[in-house]
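A.B. asks: To start, I am sharing the structure in question, which I have written as C-alpha coordinates.
The values are calculated or read from the model by the stated rules, or taken from the named source; none is laboratory data. The structure displayed is predicted, hence computed values, not measured ones. In this analysis, Cβ positions are derived from the backbone assuming ideal geometry, glycine residues included, and neighbour counts consider all displayed protein chains.
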Amino acid sequence: MPASLPTLPPPALRRDPGVIRRLMPVWEWFYRHYFRVRTSGWEHMPSQGQVLLVGSHNGGLATPDLPMFLVDWIRRYGVQRQVYGLTHAKVWKAYPGMAELAARVGAVPFHPRQALAVLRQGHSLLVYPGGGEDAFRPHRLRDRIHFRGRTGFIRLALWQELPVMPLISWGAHDTLVVLEDCTAQARRLHALGMPWLLGLDPEVFPLYLGLPWGLGVGPLPNLPLPAAIHTRVCAPVVFPRTGYEASRDRGYVQACYEQVVAHMQGELDRLAAEASGISRSA
(Lines give C-alpha, C1' and ligand atoms only; values in the text may rest on other atoms or scores of the structure.)
Protein backbone atom coordinates (compact mmCIF):
# COMPACT_ATOMS: atom_id res chain seq x y z
CA MET A 1 0.00 0.00 0.00
CA PRO A 2 1.23 3.56 -0.70
CA ALA A 3 2.34 5.70 2.19
CA SER A 4 -0.15 8.16 3.64
CA LEU A 5 -0.16 11.52 1.89
CA PRO A 6 1.29 14.60 3.56
CA THR A 7 -0.63 17.68 4.53
CA LEU A 8 -0.05 20.69 2.34
CA PRO A 9 2.96 22.73 3.53
CA PRO A 10 3.85 26.35 2.70
CA PRO A 11 4.33 28.08 0.32
CA ALA A 12 1.28 26.66 -1.45
CA LEU A 13 -0.94 28.05 1.29
CA ARG A 14 0.22 31.56 0.42
CA ARG A 15 -2.20 31.67 -2.51
CA ASP A 16 -4.05 34.94 -2.03
CA PRO A 17 -7.37 35.55 -3.85
CA GLY A 18 -6.98 39.28 -3.17
CA VAL A 19 -3.69 39.39 -5.06
CA ILE A 20 -5.24 37.46 -7.95
CA ARG A 21 -8.17 39.90 -8.11
CA ARG A 22 -5.77 42.84 -8.19
CA LEU A 23 -3.72 41.25 -10.97
CA MET A 24 -6.72 40.39 -13.13
CA PRO A 25 -7.16 43.88 -14.69
CA VAL A 26 -3.47 43.84 -15.71
CA TRP A 27 -3.73 40.33 -17.13
CA GLU A 28 -6.98 41.27 -18.88
CA TRP A 29 -5.26 44.18 -20.62
CA PHE A 30 -2.45 41.92 -21.83
CA TYR A 31 -5.03 39.30 -22.82
CA ARG A 32 -7.06 41.68 -25.00
CA HIS A 33 -4.49 44.13 -26.38
CA TYR A 34 -0.94 42.79 -26.10
CA PHE A 35 -1.38 39.08 -26.85
CA ARG A 36 -4.84 39.30 -28.51
CA VAL A 37 -5.65 35.88 -27.13
CA ARG A 38 -8.01 33.45 -28.84
CA THR A 39 -9.05 30.41 -26.84
CA SER A 40 -11.08 27.29 -27.50
CA GLY A 41 -11.95 23.90 -26.06
CA TRP A 42 -13.34 25.03 -22.71
CA GLU A 43 -16.37 22.81 -23.23
CA HIS A 44 -14.01 19.94 -22.32
CA MET A 45 -13.32 21.38 -18.88
CA PRO A 46 -15.58 20.08 -16.09
CA SER A 47 -17.49 22.99 -14.55
CA GLN A 48 -16.62 21.79 -11.05
CA GLY A 49 -14.46 19.27 -9.25
CA GLN A 50 -10.80 18.41 -9.41
CA VAL A 51 -8.71 18.23 -12.59
CA LEU A 52 -5.08 17.46 -13.43
CA LEU A 53 -4.03 19.97 -16.07
CA VAL A 54 -0.98 19.09 -18.16
CA GLY A 55 0.45 21.81 -20.37
CA SER A 56 3.13 22.67 -22.88
CA HIS A 57 4.44 26.23 -22.49
CA ASN A 58 6.63 28.73 -24.32
CA GLY A 59 8.28 32.11 -23.94
CA GLY A 60 11.04 31.58 -21.37
CA LEU A 61 10.58 32.48 -17.73
CA ALA A 62 7.71 34.84 -18.60
CA THR A 63 5.69 31.94 -20.11
CA PRO A 64 2.83 34.27 -21.12
CA ASP A 65 0.56 31.42 -22.14
CA LEU A 66 0.31 30.46 -18.43
CA PRO A 67 -1.21 33.72 -17.09
CA MET A 68 -3.41 33.93 -20.18
CA PHE A 69 -4.79 30.50 -19.30
CA LEU A 70 -5.39 31.72 -15.75
CA VAL A 71 -7.41 34.66 -17.09
CA ASP A 72 -9.80 32.25 -18.80
CA TRP A 73 -9.95 30.00 -15.73
CA ILE A 74 -10.80 32.88 -13.39
CA ARG A 75 -13.33 34.37 -15.83
CA ARG A 76 -15.21 31.09 -15.81
CA TYR A 77 -14.76 29.82 -12.26
CA GLY A 78 -13.67 32.78 -10.16
CA VAL A 79 -10.90 32.67 -7.56
CA GLN A 80 -12.84 30.23 -5.37
CA ARG A 81 -12.03 27.22 -7.58
CA GLN A 82 -8.42 26.79 -6.59
CA VAL A 83 -5.75 25.66 -9.03
CA TYR A 84 -2.08 25.32 -8.10
CA GLY A 85 0.85 25.08 -10.47
CA LEU A 86 4.11 23.22 -9.93
CA THR A 87 7.12 25.50 -10.44
CA HIS A 88 10.79 24.53 -10.50
CA ALA A 89 12.20 24.79 -6.98
CA LYS A 90 15.25 26.70 -8.26
CA VAL A 91 13.03 29.67 -9.09
CA TRP A 92 12.65 30.19 -5.32
CA LYS A 93 16.44 30.26 -4.94
CA ALA A 94 17.31 32.32 -8.02
CA TYR A 95 14.47 34.83 -8.09
CA PRO A 96 12.81 34.95 -4.65
CA GLY A 97 10.78 38.08 -5.40
CA MET A 98 9.31 36.55 -8.53
CA ALA A 99 8.69 33.29 -6.66
CA GLU A 100 6.88 35.09 -3.85
CA LEU A 101 4.46 36.73 -6.29
CA ALA A 102 3.99 33.39 -8.06
CA ALA A 103 3.19 31.74 -4.72
CA ARG A 104 0.47 34.35 -4.09
CA VAL A 105 -1.09 33.32 -7.40
CA GLY A 106 -0.83 29.60 -6.60
CA ALA A 107 2.65 28.41 -7.55
CA VAL A 108 4.09 25.48 -5.59
CA PRO A 109 7.76 24.38 -5.60
CA PHE A 110 8.03 21.26 -7.70
CA HIS A 111 8.18 18.08 -5.63
CA PRO A 112 6.06 14.90 -5.91
CA ARG A 113 4.92 15.24 -2.29
CA GLN A 114 3.73 18.78 -2.95
CA ALA A 115 1.69 17.56 -5.92
CA LEU A 116 0.13 14.78 -3.87
CA ALA A 117 -0.67 17.18 -1.07
CA VAL A 118 -2.44 19.64 -3.38
CA LEU A 119 -4.57 16.87 -4.85
CA ARG A 120 -5.30 15.40 -1.45
CA GLN A 121 -6.91 18.68 -0.42
CA GLY A 122 -9.22 18.46 -3.44
CA HIS A 123 -7.66 21.28 -5.45
CA SER A 124 -6.82 21.19 -9.14
CA LEU A 125 -3.18 20.95 -10.21
CA LEU A 126 -1.37 22.33 -13.26
CA VAL A 127 1.91 20.73 -14.34
CA TYR A 128 4.32 21.40 -17.19
CA PRO A 129 6.34 18.20 -17.57
CA GLY A 130 8.78 19.71 -20.05
CA GLY A 131 10.03 22.27 -17.51
CA GLY A 132 12.64 24.78 -18.61
CA GLU A 133 13.64 22.70 -21.63
CA ASP A 134 10.07 23.09 -22.90
CA ALA A 135 9.72 26.81 -22.10
CA PHE A 136 13.12 27.56 -23.71
CA ARG A 137 12.96 25.07 -26.59
CA PRO A 138 14.39 26.44 -29.86
CA HIS A 139 11.96 28.27 -32.14
CA ARG A 140 12.33 25.54 -34.77
CA LEU A 141 10.76 23.12 -32.25
CA ARG A 142 7.79 25.39 -31.51
CA ASP A 143 5.42 22.87 -33.11
CA ARG A 144 6.62 19.93 -30.96
CA ILE A 145 5.36 18.64 -27.63
CA HIS A 146 8.62 18.54 -25.69
CA PHE A 147 8.19 16.56 -22.47
CA ARG A 148 11.54 14.76 -22.75
CA GLY A 149 10.13 11.41 -21.64
CA ARG A 150 9.13 12.62 -18.15
CA THR A 151 6.37 10.37 -16.89
CA GLY A 152 5.84 11.63 -13.33
CA PHE A 153 2.56 13.30 -14.24
CA ILE A 154 1.27 10.01 -15.62
CA ARG A 155 2.08 8.16 -12.40
CA LEU A 156 0.35 10.94 -10.48
CA ALA A 157 -2.78 10.75 -12.65
CA LEU A 158 -2.96 6.97 -12.38
CA TRP A 159 -2.40 6.88 -8.62
CA GLN A 160 -5.02 9.57 -7.97
CA GLU A 161 -7.38 8.10 -10.60
CA LEU A 162 -7.67 11.36 -12.52
CA PRO A 163 -7.89 11.92 -16.27
CA VAL A 164 -5.28 14.16 -17.88
CA MET A 165 -6.67 17.48 -19.14
CA PRO A 166 -4.15 18.73 -21.76
CA LEU A 167 -3.47 22.42 -22.43
CA ILE A 168 -1.67 23.63 -25.54
CA SER A 169 -0.89 27.01 -27.06
CA TRP A 170 0.43 28.56 -30.23
CA GLY A 171 2.12 31.94 -30.63
CA ALA A 172 3.85 32.38 -27.28
CA HIS A 173 7.06 31.06 -28.88
CA ASP A 174 7.22 34.41 -30.73
CA THR A 175 7.38 36.37 -27.45
CA LEU A 176 10.95 35.11 -26.94
CA VAL A 177 12.69 33.75 -30.03
CA VAL A 178 15.02 31.00 -28.86
CA LEU A 179 17.75 30.52 -31.45
CA GLU A 180 19.54 27.54 -29.97
CA ASP A 181 19.95 25.37 -26.89
CA CYS A 182 23.54 25.90 -25.73
CA THR A 183 23.33 23.72 -22.63
CA ALA A 184 26.00 21.24 -23.77
CA GLN A 185 28.45 24.05 -24.58
CA ALA A 186 27.74 25.80 -21.26
CA ARG A 187 28.39 22.57 -19.35
CA ARG A 188 31.74 22.17 -21.07
CA LEU A 189 32.67 25.73 -20.09
CA HIS A 190 31.50 25.06 -16.53
CA ALA A 191 33.73 21.99 -16.39
CA LEU A 192 36.62 24.28 -17.37
CA GLY A 193 35.85 26.63 -14.47
CA MET A 194 33.08 28.98 -15.61
CA PRO A 195 30.79 29.54 -12.62
CA TRP A 196 27.01 29.30 -12.89
CA LEU A 197 25.11 32.54 -12.42
CA LEU A 198 23.86 32.72 -8.81
CA GLY A 199 25.72 29.47 -8.13
CA LEU A 200 22.83 27.36 -9.51
CA ASP A 201 22.94 24.82 -12.32
CA PRO A 202 20.38 26.31 -14.75
CA GLU A 203 19.65 22.93 -16.41
CA VAL A 204 18.95 24.76 -19.68
CA PHE A 205 21.08 27.43 -21.38
CA PRO A 206 19.33 29.07 -24.34
CA LEU A 207 20.55 31.67 -26.83
CA TYR A 208 17.65 33.95 -27.74
CA LEU A 209 16.34 37.25 -29.07
CA GLY A 210 14.00 39.13 -26.76
CA LEU A 211 13.40 41.93 -24.29
CA PRO A 212 15.11 43.47 -22.42
CA TRP A 213 18.39 41.83 -23.41
CA GLY A 214 18.26 41.94 -27.20
CA LEU A 215 20.53 38.99 -27.86
CA GLY A 216 20.58 37.08 -24.58
CA VAL A 217 22.01 33.86 -23.19
CA GLY A 218 20.96 31.80 -20.19
CA PRO A 219 17.57 31.49 -18.45
CA LEU A 220 17.19 35.10 -17.35
CA PRO A 221 13.87 36.87 -16.65
CA ASN A 222 12.44 38.35 -19.83
CA LEU A 223 9.74 40.73 -20.98
CA PRO A 224 7.60 39.05 -23.65
CA LEU A 225 7.38 40.56 -27.10
CA PRO A 226 3.84 41.27 -28.36
CA ALA A 227 2.46 38.31 -30.28
CA ALA A 228 -0.96 36.78 -30.86
CA ILE A 229 -1.47 33.74 -28.63
CA HIS A 230 -3.96 30.93 -29.25
CA THR A 231 -4.74 28.59 -26.35
CA ARG A 232 -6.75 25.39 -26.32
CA VAL A 233 -8.14 23.00 -23.74
CA CYS A 234 -8.00 19.54 -25.31
CA ALA A 235 -10.35 16.65 -24.70
CA PRO A 236 -9.34 14.74 -21.56
CA VAL A 237 -7.31 11.55 -21.76
CA VAL A 238 -8.94 8.84 -19.65
CA PHE A 239 -6.91 5.75 -18.79
CA PRO A 240 -8.56 2.30 -18.72
CA ARG A 241 -6.62 1.14 -15.65
CA THR A 242 -5.83 3.37 -12.67
CA GLY A 243 -4.77 3.10 -9.04
CA TYR A 244 -1.50 2.72 -7.17
CA GLU A 245 -0.57 -0.61 -8.78
CA ALA A 246 -1.12 0.83 -12.26
CA SER A 247 1.12 3.78 -11.37
CA ARG A 248 3.96 1.35 -10.57
CA ASP A 249 3.70 -0.56 -13.88
CA ARG A 250 6.50 0.99 -15.95
CA GLY A 251 5.35 -0.42 -19.26
CA TYR A 252 1.79 0.76 -18.71
CA VAL A 253 2.98 4.20 -17.54
CA GLN A 254 5.07 4.55 -20.69
CA ALA A 255 2.14 3.55 -22.90
CA CYS A 256 -0.08 6.14 -21.17
CA TYR A 257 2.63 8.78 -21.59
CA GLU A 258 2.87 8.10 -25.30
CA GLN A 259 -0.91 8.28 -25.59
CA VAL A 260 -1.00 11.73 -23.97
CA VAL A 261 1.89 13.09 -26.05
CA ALA A 262 0.36 11.79 -29.29
CA HIS A 263 -3.00 13.35 -28.39
CA MET A 264 -1.42 16.72 -27.56
CA GLN A 265 0.78 16.65 -30.66
CA GLY A 266 -2.22 16.06 -32.90
CA GLU A 267 -4.10 18.93 -31.26
CA LEU A 268 -1.06 21.22 -31.53
CA ASP A 269 -0.73 20.41 -35.24
CA ARG A 270 -4.37 21.40 -35.76
CA LEU A 271 -4.08 24.55 -33.65
CA ALA A 272 -0.96 25.69 -35.54
CA ALA A 273 -2.71 25.17 -38.88
CA GLU A 274 -5.80 27.06 -37.69
CA ALA A 275 -3.73 29.93 -36.28
CA SER A 276 -1.75 30.22 -39.52
CA GLY A 277 -5.02 30.40 -41.45
CA ILE A 278 -6.30 33.19 -39.20
CA SER A 279 -3.05 35.13 -39.66
CA ARG A 280 -3.23 34.88 -43.46
CA SER A 281 -6.85 36.06 -43.55
CA ALA A 282 -6.29 38.96 -41.11
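A.B. asks: So which of Thr231, Thr175, Thr151 ends up being buried (at least 16 other Cβ atoms within 10 Å of the Cβ), more than 27 Å from Trp27 (Cβ to Cβ), within 20 Å of the chain's Cα centre (by Cα) and of a type in the set (Ser, Thr, Tyr)?
C.D. replies: Every option except Thr151 fails the conditions.
A.B. asks: If the Cβ limit is 7 Å and pairs must be 6+ apart or interchain, which residue in the range 70-82 that is of a type in the set (Lys, Arg) and part of a helix (DSSP H, G or I) pairs with which residue that is at pLDDT 95 or above and surrounded by fewer than 19 Cβ atoms within 10 Å (Cβ to Cβ)?
C.D. replies: Note: pairs meeting the criteria are Arg76/Trp42.
A.B. asks: Right, Arg250: free of Cβ contacts under 8 Å to residues at least 24 places away in the same chain and surrounded by 13 or more Cβ atoms within 10 Å (Cβ to Cβ) or not?
C.D. replies: No.
A.B. asks: Evaluate the range 87-100: report whether one residue or more is modelled with pLDDT under 85, closer than 17 Å to Ile154 by Cα and assigned to a helix (DSSP H, G or I).
C.D. replies: no
A.B. asks: In the range 22-39, what residues are within 13 Å of Asp72 (Cα to Cα), part of a helix (DSSP H, G or I) and in contact (Cβ under 8 Å) with a residue 40 or more places away in the chain?
C.D. replies: Within the range 22-39, Met24, Trp27, Glu28, Tyr31 qualify.
A.B. asks: Just a yes or no: is a residue in the range 46-54 modelled with pLDDT under 95 and surrounded by 17 or more Cβ atoms within 10 Å (Cβ to Cβ)?
C.D. replies: The answer is yes; a qualifying residue exists.
A.B. asks: Run Gly97 past the list (1) surrounded by 21 or more Cβ atoms within 10 Å (Cβ to Cβ); (2) under 25 Å from Leu198 (Cα atoms) and report the number of the one that doesn't hold.
C.D. replies: Going through (1) surrounded by 21 or more Cβ atoms within 10 Å (Cβ to Cβ); (2) under 25 Å from Leu198 (Cα atoms) one by one, Gly97 breaks only (1).
A.B. asks: Quick check on my filter: what residues within the range 77-88 are among the small types (Gly, Ala, Ser) and within 14 Å of the chain's Cα centre (by Cα)?
C.D. replies: Across the range 77-88, the qualifying residue is only Gly85.
A.B. asks: If you check Tyr128 against the conditions, is it buried (at least 23 other Cβ atoms within 10 Å of the Cβ) and either touching a His at 6+ places or on another chain (Cβ under 9 Å) or farther than 19 Å from Val261 by Cα (or both)?
C.D. replies: yes
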